[in-house]
Amino acid sequence: EIASSNTSAMGAMVEPAVRNDGLDDDSNGNALIHHRLNSEKMEFEYNLTENDLCSRPMFFKYLPKLFRYDHAPIEATACTIDMWARATIFMASIFLGPALLGLASNEAQSSCDAEEAECDDARVYGFKPSSLLTNIAIVAGLIATIMLPLFGAITDHTPHRRSVGGWSAAGLIMIKIIELALSQKTWFVVAWLQVASSILYQLHVSTLYAYSAELTKEPTQQSQFQTHFFLVMYVSMVLYMLEVLIPGTLMGLEDVGTARWAVLVTVLTSILFFSVAWKFLFRERPVLSIIPQGQTLWTVGFTKIYQSYGSMEPCVGIFLKGIMFSEAADSALATIATTYMSEYLQMDSLQIGMVILLDLMGGIPGTWLGHFVCSRSSPVVSAQVCLTMYIIVTAAASMILRGPEHQKWTYLFGILWGLCQGWMHPQHTTIFVTITPNDSTMEWMGVFLFACQILCFVPPLVFTVLNEVGWSMQWGLASLILFFAVGMRGLIGMGDYSKAITAANG
């Protein structure tokens, strides 16, 4: 069975029309299956074209215009609402970070005091406490990279995309509820929960990319969708920061108290928004393709990635190799910057939160600026300009932020980094969606997600190694420049963008 590797509950949801059921050796049976799958996909695409207005819930017209798409598939509205909730999930880790670093440092210091040893190089579980967040990123990145092909296979080869998206959202909420118990006794458990949360987050995102890539293949329209999604994400993050920072300041909360309050805000917000999106708006999606004979759900994802890399146009391969590095650096920036501000610049969680707030405020015009440059040139040129700025800003930060006396400059760099973050990823997504074949976008999205994820553990690993051997954290921050530079090389090397579109769809 197509879903034989899933849980029994999920397997029971597979419709008979997409099951092999003894037809593996029957060519006529397989032909019938392929015909049925193609019919289901054509019917779904027709519904997307017609917007399926009759299936919209009664409350749809009352949704704020920030979320609601009246003349687009209902999945566009669902993706927007889900993005709002996902933003709070991500932001909770920003406040958990300083709290975890402080609790780990306390335990390391207690161990030194108990042993009456020199505490200049205190360690906990064999590492410096300042390496905790980057170690979490390394472990989560490695596991997520291994699991992503399976996530993509579930999206492509089972009808469970909606179920996986809904249950992964529920799992993220449950993890946040447990994290409310953060304390000196539970910090190590909460640290491991960060790993689990990161993996579930990647599973959840894989379903969202599958839905969003189906909205349109027209470059400007896809850029508009992606820009709006990321704009909503940044608006959500900004409001979230205000909901955490203002009460936290008024109540005089320390790092652990601020982290608990931040997680509580996340729980309340995500329950509401995830419920609306996954219970009422996202629709079931038919199976995109059956699992080839001799393969399983566990192997087909890896096989497809290997075959896709071998069959793709050279320009696509060069582009993907570039974003492996630039997306890795971008995803690691929040973790590395949090560690840098907390340990090297001696900033508390409220100060770090203010920097992140400015970062998010910079991300909002960043999404607009990226789309503005894209509309007047191409998403490739827009991404190149963004990476150039990313390199300059990161180089300047590593030279100027030399100690606690330079804390005030972090607020400026927060805005500039936010501008780059809001700019880059929507352009990368637009480039990929438009230079891949129209009839296999979903199958290629797994390759895109894998490329974005495969090296995400490397920048934190480089930072950790430099930190453990005693190098200044300035070198760890500056190491991100190399990754952005390789990403730029990929964008330049892919050649003419219009020719890449023609090659993909001609």
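The values are calculated or read from the model by the stated rules, or taken from the named source; none is laboratory data. Since the model is a prediction, treat every value here as computed from it, not as a measurement. Glycine gets a Cβ as well: all are built from the backbone with ideal geometry, and neighbour counts include every protein chain shown. We work out accessible area using only protein heavy atoms, side chains counted, and drop any ligands, DNA or RNA first. Shrake-Rupley method; radii C 1.70, N 1.55, O 1.52, S 1.80 Å.
Considering region 146-180, and only residues there that are over 16 Å from LEU268 (Cα atoms) and over 20 Å from the mean Cα position of the chain (by Cα), the residue that is surrounded by the fewest Cβ atoms within 10 Å (Cβ to Cβ) turns out to be PRO159. Residues of region 64-103 that are in contact (Cβ under 8 Å) with a residue 24 or more places away in the chain, over 19 Å from LEU239 (Cβ atoms) and open to solvent by 40 Å² or more (accessible area, probe 1.4 Å): none at all. ALA334 passes every criterion in (1) among the aliphatic types (A, V, I, L, M); (2) closer than 30 Å to ALA104 by Cβ; (3) over 22 Å from the mean Cα position of the chain (by Cα) apart from (3).
How many of the residues making up region 156-191 are without any contact (Cβ under 8 Å) to a residue 12 or more places away in the chain, in a helix (DSSP H, G or I) and not β-branched (Val, Ile, Thr)?
Pass one, region 156-191, residues without any contact (Cβ under 8 Å) to a residue 12 or more places away in the chain: 167, 174, 181, 185-186, 189.
When the remaining residues are screened for being in a helix (DSSP H, G or I), the result is 167, 174, 189.
Within this subset, residues satisfying the condition of being not β-branched (Val, Ile, Thr) are 167, 174.
Of the residues in that region, 2 qualify.
Does ILE323 count as open to solvent by 60 Å² or more (accessible area, probe 1.4 Å), under 22 Å from ALA451 (Cβ atoms) and assigned to a helix (DSSP H, G or I)? First the steps, then the outcome.
Numbers: open to solvent by 60 Å² or more (accessible area, probe 1.4 Å): no; under 22 Å from ALA451 (Cβ atoms): yes; assigned to a helix (DSSP H, G or I): yes.
The answer is no for ILE323.
Is it fair to say GLN202 is of a type in the set (S, T, N, Q) and over 18 Å from THR88 (Cβ atoms)? No; evaluated as a whole, the condition is false for this residue. Number of residues in region 276-287 that are open to solvent by 10 Å² or more (accessible area, probe 1.4 Å), closer than 16 Å to PRO159 by Cα and either at pLDDT below 80 or of a type in the set (Phe, Trp, Tyr) (or both): the value is 3. Within region 462-506, the set of residues being in contact with a Phe, Trp or Tyr (Cβ under 9 Å, 6 or more places away or on another chain), among the charged types (D, E, K, R) and either open to solvent by 50 Å² or more (accessible area, probe 1.4 Å) or modelled with pLDDT under 90 (or both) comprises ARG489 only. Condition first: closer than 24 Å to ALA78 by Cβ, out of contact with any helix residue (DSSP H, G or I) (no Cβ under 6 Å at 6 or more places or on another chain) and outside any loop (DSSP other than H, G, I, E, B). Can you find one or more residues in region 134-141 that meet it? No, that holds for no residue. Evaluation of ARG36 against the conditions (1) more than 29 Å from the chain's Cα centre (by Cα); (2) modelled with pLDDT of 85 or more shows that the sole unmet condition is (2).
LEU215 meets all of the listed conditions (1) part of a helix (DSSP H, G or I); (2) open to solvent by less than 30 Å² (accessible area, probe 1.4 Å); (3) among the hydrophobic types (A, V, I, L, M, F, W, C) but one, namely (1). In the set (1) under 22 Å from LEU268 (Cα atoms); (2) open to solvent by less than 40 Å² (accessible area, probe 1.4 Å); (3) within 19 Å of the chain's Cα centre (by Cα), the condition left unmet by SER206 is number (1).
Is it true that some residue in region 400-411 is open to solvent by 10 Å² or more (accessible area, probe 1.4 Å), among the polar types (S, T, N, Q) and part of a helix (DSSP H, G or I)? No, every residue in region 400-411 fails to be open to solvent by 10 Å² or more (accessible area, probe 1.4 Å), among the polar types (S, T, N, Q) and part of a helix (DSSP H, G or I).
The set of residues from region 181-196 being within 18 Å of the chain's Cα centre (by Cα) and surrounded by 21 or more Cβ atoms within 10 Å (Cβ to Cβ) comprises just one member, GLN194. Restricting the first member to region 104-115 and to residues that are of a type in the set (Asp, Glu) and open to solvent by 50 Å² or more (accessible area, probe 1.4 Å), and the second to residues that are at pLDDT 85 or above and part of a helix (DSSP H, G or I), the beta-carbon pairs closer than 8 Å and six or more apart or on different chains are GLU107/PRO129; GLU107/TRP187. Of the residues making up region 444-471, those that are under 15 Å from VAL433 (Cβ atoms) and of a type in the set (A, V, I, L, M, F, W, C) are TRP444, MET445, VAL447, PHE448, LEU449, ALA451, CYS452.
Residue-by-condition table, conditions (1) out of contact with any helix residue (DSSP H, G or I) (no Cβ under 6 Å at 6 or more places or on another chain); (2) under 16 Å from TRP84 (Cα atoms); (3) not in a helix (DSSP H, G or I):
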site	(1), (2), (3)
HIS228	yes, yes, no
LEU239	yes, yes, no
GLY248	no, no, no
VAL263	no, yes, no
LYS279	yes, yes, no
ILE291	no, no, yes
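ARG285 passes every criterion in (1) charged (D, E, K, R); (2) under 30 Å from GLU243 (Cβ atoms); (3) in a loop (DSSP other than H, G, I, E, B) apart from (2). All conditions but one from (1) modelled with pLDDT under 90; (2) buried (at least 23 other Cβ atoms within 10 Å of the Cβ); (3) assigned to a helix (DSSP H, G or I) apply to THR441; the one that does not is (2).
Listed here are the residues, each with its yes/no results for (1) closer than 20 Å to LEU172 by Cα; (2) touching a residue at least 24 places away in the same chain (Cβ under 8 Å); (3) over 23 Å from the mean Cα position of the chain (by Cα).
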site	(1), (2), (3)
GLN221	no, no, no
HIS228	no, yes, no
MET233	yes, yes, no
VAL267	yes, yes, no
SER275	yes, no, no
PHE280	yes, yes, yes
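Among residues belonging to region 293-313 that are assigned to a helix (DSSP H, G or I) and free of Cβ contacts under 8 Å to residues at least 24 places away in the same chain, point out the one that is least open to solvent (accessible area, probe 1.4 Å). Selected residue: THR303.
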